[in-house]
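Inspection log for the structure reproduced underneath, given as structure tokens.
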Amino acid sequence: MPQLIWKYTFRKPTILESVSIPEGYKWLSAGVQDNAVVVWALIDPGMPKQTAHLLFAATGATIPEGIKLGELLGRVEDNGYVFHVFEVLPDEV
């Protein structure tokens, strides 16, 4: 099946967010679009879904204890705040 780019939109992200996403996904980037924080991923829509976790940390925020961060998806500026968006490694949520 062909790969697609999907967008996940977060109007008011909390520090930890979960998304349902096809297995084998690859995070591409994070940004702001239409006054919302968005994260893009390369996916195969034919794959079974799994839960992935993202961490949205404002500059100066404390990362919750026990969370192991994976890839940095990007730095996002939204309404005067700067968020650093990370993938959270699955065994650590």
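No value in this document is a laboratory result; all are computed from the given coordinates. Quick caveat, the model's predicted, so the values are computed rather than measured. Please note: Cβ atoms are built from the backbone with ideal geometry, for glycine as well, and neighbour counts cover all protein chains shown.
Between L89 and D44, what FRET efficiency comes out of the Förster formula 1/(1 + (r/R0)^6) with R0 = 25 Å and r the beta carbon distance, rounded to 0.05?
So the FRET efficiency works out to roughly 0.70.
Which entries in the list K26/K49; K7/K68; K12/K68 go over 20 Å, if you measure between the two C-alpha atoms of each?
As for pairs spanning more than 20 Å Cα to Cα, those are K7/K68; K12/K68.
Enumerate the amide H contacts of L16 below 5 Å, restricted to partners 5 or more residues apart or on another chain; note that Pro and chain-start residues carry no placed amide H.
Residues meeting the amide H criterion: F56.
Which residues in segment 49-93 have a backbone N closer than 13 Å to a point placed 7 Å from the Cα of V19 along the Cα-to-Cβ line?
50-56, 73-74, 85-88
Give me the distance in nm between label points sitting 7 Å out from Cα along the Cα-to-Cβ direction at V82 and K68, one decimal.
2.8
Based on Cβ point charges of +1 for Lys and Arg and -1 for Asp and Glu, what charge dipole magnitude is obtained for the chain about its Cα centre, in debye rounded to the nearest 20?
200
Run the numbers for L4 and K26: contour at 0.36 nm per residue of separation, minus the present Cα-Cα distance, in nm.
Gain on stretching L4 to K26: 6.9 nm.
Go through G60, W27, G70 and say which Cα lies farthest out towards the positive end of the charge dipole of the chain; charges sit on Cβ, +1 for Lys and Arg, -1 for Asp and Glu.
W27
Going by amide H atoms built from the backbone, whose H comes under 5 Å of the H on V88, apart from near neighbours?
Here H53, L54, L55, G70 satisfy the definition.
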